[in-house]
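Only one structure is covered here, and it is reproduced in the block below.
Only the coordinates and a few stated rules stand behind these numbers; no lab work does. Remember, it's a predicted structure, so these values are computed and weren't measured experimentally. Every residue, glycine as well, gets a Cβ built from its backbone with ideal geometry; the counts of neighbours run over all protein chains shown.
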Amino acid sequence: MKRSHEPLAWLLFGAGGMLAALLAPALVLIVGVAGPLGWLPAEALSAGRLRALLLWPGARLLLGLTLALFLWHAAHRIRHSLHDLGVHAGPWGGWVCYGSAVAASLWAAWLLLGLGA
């Protein structure tokens, strides 16, 4: 029997989808509605305050993991949506989709690690 990496892909897809479903509405409400309408104190979303939060290693780790799961979720969704549309990319389609998610995750990690220096 040939072993597949598909369960790992679906696991990361599900985790990213769950996080997106839970966090995206809250982020839109806070950053897109409450901030511009003045429902939050002026300094709540200031660059200095957010940078101070990201100087804490735990916040950088959580943000990096969240971004990586969001990217993996998007890559898996794009790959299977292309398949549903009749674009059968074969193995290179997986390499492009998942490779771009890994590359973007590594780039985000590099940027987040650079914040602590």
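Each of V96, L29, L54 was placed along the dipole of the chain (beta-carbon charges, centred on the mean Cα), and the one lying farthest toward the positive end is V96.
Each of H88, H73 was scored by other Cβ atoms within 10 Å of its Cβ. Listed from fewest to most, they are H88, H73. Remark on the range 28-117: hydrodynamic radius 15.5 angstrom, per the Kirkwood mean of 1/r across alpha carbon pairs. Mean residue ellipticity, 222 nm, helices only, the chain: the sum of -39500 (n - 2.57) across DSSP H runs of n ≥ 4, divided by residue count and rounded to 500, is -24500 deg cm²/dmol.
The angle between the Cα long axis of helix 91-115 and the longest principal axis of the Cα atoms of the chain comes to about 20 degrees, rounded to the nearest 10.
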